[in-house]
Amino acid sequence: MSTVLQLQRPEEATDLAAAMLNACRDRRVFTFQGELGAGKTTLIKAMCDELGVAGGTSSPSFSIVNEYRTADDKPVYHFDLYRLRDASELEGIGFTEYLDSGSYCFVEWPELAKSLLPVDAVNVRMRMASSGGRTIEMAL
């Protein structure tokens, strides 16, 4: 099943994040695809805010994974696999253990990890529109 959503302005990301999390209450792994600048990190930040992450979020471009904590001390993991060149690098960071943890895992640039992702992962594809907005396709 696939749902298409629209994001016209970045400030709408909060409402969109709430709707996505609500629609996928039993899912914990979300993948995010889209070209550079499509808004993947912005949407993940809004999802983390919606989950009650305290202390802010940032792109894990250099660290590969960031761990955040919610107000009730539950972990949320944010991956950016853009710089990885080989799937074997995922073993070195314990990628599958994160996915199997039962915690929320948000994965940007998931192509390299495709074979390791759970079958029930929510796949989010973001496209930039000529109007400056974003079209977001969420496949369940």
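Close Cβ contacts (under 6 Å, 6 or more residues apart or on different chains) running from residues in region 39-56 that are more than 8 Å from Ala17 (Cβ to Cβ) to residues that are open to solvent by 70 Å² or more (accessible area, probe 1.4 Å) and at pLDDT 90 or above comprise Gly52/Ala71; Ala54/Ala71.
From the list Met128, Met138, the one residue that fits, being open to solvent by less than 60 Å² (accessible area, probe 1.4 Å) and hydrophobic (A, V, I, L, M, F, W, C), is Met138. Counting only helices (runs of 4 or more DSSP H) that fall entirely inside region 1-111 and contain at least 2 residues that are open to solvent by 80 Å² or more (accessible area, probe 1.4 Å), the qualifying elements are 13-23, 40-51. Here Thr3 passes the criteria (1) among the polar types (S, T, N, Q); (2) within 24 Å of Gly132 (Cα to Cα); (3) out of contact with any Asp or Glu (no Cβ under 8 Å at 6 or more places or on another chain) except the one numbered (3).
The values are calculated or read from the model by the stated rules, or taken from the named source; none is laboratory data. Note that this is a predicted model, so its numbers are computed, not measured. Cβ atoms come from the backbone with ideal geometry, glycine included; neighbour counts cover every protein chain shown. Quick note on the areas: whole protein, heavy atoms, side chains included, nothing else; ligands and nucleic acids left out. Shrake-Rupley method; radii C 1.70, N 1.55, O 1.52, S 1.80 Å.
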